Amino acid sequence: MYRNAGINRVFLTGVIENDVNLDMLRNNPDNIYFSILTSETFVKNGKQVEHLEHHKIVMPTYIAKPDLQYFKKGALISIEGKMTTYLFTDDENIKRYNVEILVTRYHWLTGLNVNKN
């Protein structure tokens, strides 16, 4: 039994960094992968500084499927999910950790402009 165990829950609001590559679905039809940018501004030594974070996102295709065409660069999105961390060894044989957010739910926060051809 775990004492003082926390809950692994993430709420994140940000901008989609790049268009989601839907061709990736051929290789891995279970998930789509993209990054969300978040930023915060603060004052340091009297100067205003902006700090950007890139968050790796994994979303099951069955969750994203109704809106796949809307996952475009610049779209403002709010996601809910859990943080997952895994260990891997890079090309130089150095052990590294990768952190991703596995999405369970999302909401669009901007209007969706899509060219329907």
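The values are calculated or read from the model by the stated rules, or taken from the named source; none is laboratory data. A quick note: this is a predicted structure, and the numbers were derived from the prediction, not measured. Please note: Cβ atoms are built from the backbone with ideal geometry, for glycine as well, and neighbour counts cover all protein chains shown. Areas reflect the complete protein model, heavy atoms only, side chains present, ligands, DNA and RNA absent. Shrake-Rupley method; radii C 1.70, N 1.55, O 1.52, S 1.80 Å.
If you go through the range 67-91 and keep only what is among the β-branched types (Val, Ile, Thr) and touching an Asp or Glu at 6+ places or on another chain (Cβ under 7 Å), you end up with just Thr84. Residues in the range 80-104 that are under 20 Å from the mean Cα position of the chain (by Cα), over 21 Å from Ile7 (Cβ atoms) and either modelled with pLDDT of 95 or more or of a type in the set (A, V, I, L, M) (or both): Leu87 alone.
Within the range 36-69, the residues that satisfy the criterion of being closer than 16 Å to Asp23 by Cα and open to solvent by less than 40 Å² (accessible area, probe 1.4 Å) are Val58, Met59, Pro60, Thr61, Ala64, Asp67, Leu68.
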